[in-house]
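Okay, structure first, notes after.
FYI, it's all coordinate maths here, none of it is from the lab. Just so we're clear, the structure is a prediction, and the values are computed from it rather than from any experiment. For neighbour counting, all protein chains shown are included, and Cβ atoms are generated from backbone atoms with ideal geometry for every residue, glycine included.
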Amino acid sequence: MVQSLSRLKESPSQTAGPYVHIGTTPNFIGINHVYAQDLGLAPCPAAAKGQRIIITGQVFDGSGAVLRDALLELWQADADGLYPGRGEHRGAADPNFPGWFRQPVDGVSGIYRFETIKPGAVPFIDGRKMAPHVTLWIVARGINIGLHTRMYFPDEAAANEADPIFTRFELRARLATLVAARDGEEDGVPVYRFDIHLQGDKETIFFDI
Amino acid sequence: MRNAPAPNHNGGFYQRDRAWHPPAFTPNYKTSVLRSPKHALLSLNNTLSEMTGPVFGHAMLGELDNDLIRNYATTGDAIGPRIIVHGRVLDEDGRPVPGALLEYWQANAGGRYRHKKESYLAAIDPNFGGCGRSITDEEGRYWFRTIKPGAYPWPNGVNDWRPAHIHFSIFGHAFAQRLITQMYFEGDPMIWQCPIVMGIPDKAAVAQLVAALDREATIPMDTLAYKFDIVLRGRRSTMFENRMEGN
Ligand SMILES: [Fe+2]
């Protein structure tokens with residue numbers, strides 16, 4: 001016999017289901033009397049420092065069909081590469097930048113859209129710089145456990161090349177799935193298109209973090 | 001290394017036990033077939049991008065946010081068996097997780113959701129919206145009042161029904177802890193017939209999602225109670241740190 005480590009197990013995940021909006025963005029689907037506004041849905045405050053950007057795209061299933069019921073969350077550092085919220089010990093992030101956003105995809109087109117700022121670079125565990133990136137978390141009906149991925153920027157080729165993930169040889173063929181495409185601009189704001197493929201030839205790299 | 005100060009738990013998070021969670025591909029839950037990645041997930045040591053996370057303050061909560069019986073009601077209380085759901089958010093080391101945001105949503109007592117995509121013929125309750133939220137206190141506790149949701153049919157097999165359940169979305173202290181799950185009710189035989197639940201390989205893991213009837217927390221002549229604890233990932237302590245501090 002041996003002493004027990006007496007640890008608990010993480011609660012198992014279950015799908016967010018088709019009605020995830022009721023709990024997360026009720027105003028978006030017309031449940032208007034409960035919260036003044038939907039959490040995470042507001043665009044980045046004008047006072048936030050940094051280059052404003054738009055990140056938009058769609059989520060595709062293994063048959064190439066667009067998901068119309070997915071919910072995405074975005075988590076990123078501020079323009080100086082500092083994270084707001086908990087766990088950042090290098091300094092205070094921009095107080096006007098929330099770092100976290102949430103968007104349901106459009107119920108007809110399946111398009112999601114984040115209005116944010118371009119993040120600064122954040123160090124990897126060993127001190128090397130990671131290339132600027134945002135973390136995305138995708139949940140939907142049929143997704144049993146939320147999917148983590150990252151979006152990198154197409155105009156940061158040199159930084160991307162040096163990023164610790166991009167130097168992992170076994171991923172070579174799939175790394176392009178993590179890099180957005182520049183898609184013009186809206187009123188002078190750069191637009192990045194980032195499609196997410198849950199399955200198939202273009203399956204996005206998802207992380208076990 | 002010096003023998004002080006005491007270890008702090010600010011290292012990377014314990015690796016997620018993927019065998020405890022449902023796999024992405026659970027063919028009896030048909031929608032998962034085309035929505036499940038086929039490649040192996042890319043394992044990545046936690047960086048600051050995963051070890052940080054947003055903070056939600058108690059100030060954002062409205063007075064009725066944790067009272068689903070009243071927070072949408074206009075002409076009277078929501079209809080159905082009145083229940084309290086309460087519990088704690090803990091990490092895998094059993095430590096409370098204070099300041100965790102919980103968002104929960106559910107069908108009404110007849111099993112009907114207030115959602116434009118919902119087509120079940122059970123009646124809408126005009127006084128029930130179906131959502132609420134809490135932030136855990138210093139001891140990781142949360143509580144809310146609602147009505148017990150009904151079971152409902154769903155398009156999967158021609159005769160599949162979901163057991164009564166409440167959906168939960170939980171933010172811990174870091175994005176690595178982000179979790180969405182569902183709570184079921186003690187004694188419900190439909191739990192073990194549900195393709196979504198049965199995607200969880202281990203019965204002990206399913207049991208972790210079944211809230212216990214908690215007679216000691218009931219309000220006599222008023223409201224039954226269920227206790228539902230939620231466990232988020234734990235994290236390594238930095239007793240002997242072998243990586244660059246400050247990164
Ligand atoms: Fe449900």
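Just checking the output field for A:23-35: average partner chain Cβ neighbours within 10 Å of each residue's Cβ?
Average neighbour count from other chains, rounded to a whole number: 6.
So what's the net charge close to residue A:83: Lys and Arg +1, Asp and Glu -1, counting the other residues with Cβ under 12 Å from its Cβ?
Charge balance in the 12 Å sphere: -3.
For every helix of n ≥ 4 consecutive DSSP H residues, a contribution of -39,500 (n - 2.57) applies; sum these over chain A, divide by its total residues, and give [θ] at 222 nm rounded to the nearest 500 deg cm²/dmol.
Calculated from helices alone, the mean residue ellipticity at 222 nm is -1000 deg cm²/dmol.
Return the calculated 222 nm mean residue ellipticity for chain B, to the nearest 500 deg cm²/dmol, obtained by summing -39500 (n - 2.57) across DSSP H runs with n ≥ 4 and dividing by the residue count.
That calculation yields -500 deg cm²/dmol at 222 nm.
For residue B:160, enumerate residues with amide H under 5 Å from its amide H, sequence gap 5+ or separate chain, H modeled in the peptide plane.
B:154
Under a crude label model (7 Å from the Cα following the beta-carbon direction), how far is residue A:42 from residue A:5 in nanometres?
4.3
Show me, for the stretch B:80-86, the HN-Hα J-couplings you get by feeding each phi into the Karplus relation (A = 6.51, B = -1.76, C = 1.60, θ = phi - 60°), rounded to Hz, glycine and proline as x.
The phi angles translate into x, x, 7, 9, 9, 10, 9 Hz.
Using Cα pairs under 8 angstrom and six or more residues apart, how large is the relative contact order of chain A, in percent?
Dividing the mean separation by the residue count of chain A yields 23 percent.
Full-extension gain between residue B:14 and residue B:239, please, as 0.36 nm times their residue separation minus the C-alpha to C-alpha distance.
79.5 nm
Can you tell me, using C-alpha contacts under 8 Å and at least 6 residues apart, the relative contact order of the stretch B:52-232 as a whole percent?
Taking the mean separation of contacting Cα pairs over the length of the stretch B:52-232, I get 27 percent.
Each residue of the stretch A:40-47 in order: what ³J(HN,Hα) in whole Hz does its phi give by Karplus 6.51 cos²θ - 1.76 cosθ + 1.60, θ = phi - 60°, with x for Gly and Pro?
Each residue of the stretch A:40-47 in turn: x, 8, 5, x, 4, x, 4, 6 Hz.
Counting DSSP beta bridges with both partners in chain A, what percentage is antiparallel, nearest 5? Display every interim value, and only then the final one.
Numbers: 29 of 35 bridges.
The antiparallel fraction comes to roughly 85 percent.
Can you spot the lysines whose alpha carbon is less than 17 Å from residue A:202's alpha carbon? Ignore those fewer than 8 places along the same chain.
Straight-distance partners of residue A:202: B:38.
Compute the distance in nm between two label points, each set 7 Å from the Cα along the Cα-to-Cβ direction, one at residue A:162 and one at residue B:139.
5.1
Can you list the residues, at least 5 places off or on another chain, whose amide H is less than 5 Å from the amide H of residue B:87, using H built in the peptide plane?
Amide H to amide H, under 5 Å and 5 or more residues apart or across chains, residue B:87 pairs with B:142, B:228.
Among the listed pairs A:49/B:116; A:9/B:148; B:148/B:203, which have their C-alpha atoms separated by more than 29 angstrom in this model?
Over 29 Å apart, Cα to Cα: A:49/B:116.
How much of the DSSP bridge set in the stretch B:165-242 is antiparallel, in percent, rounded to the nearest 5?
Expressed as a percentage, antiparallel bridges in the stretch B:165-242 total about 80.
For a quick check: with amide H placed at 1.01 Å from N, whose amide H comes under 5 Å from residue A:150's, ignoring anything fewer than 5 positions away on the same chain?
For residue A:150, whose amide H was placed from the backbone, the distant partners under 5 Å are A:136.
Of all the stretches in chain B, which is the longest one without any exposed loop site, taking GluC sites (Glu not before Pro) in a DSSP loop (any state but H, G, I, E, B) with at most 14 other Cβ atoms within 10 Å?
Result, exposed sites excluded: B:64-137.
Would you please give the FRET efficiency between residue A:128 and residue B:121, computed as 1/(1 + (r/R0)^6) with r the Cβ-Cβ distance and R0 = 60 Å, to the nearest 0.05? If you can, show how the numbers build up before the last one.
Values: r = 59 Å, r/R0 = 0.98.
E between residue A:128 and residue B:121, to the nearest 0.05, is 0.55.
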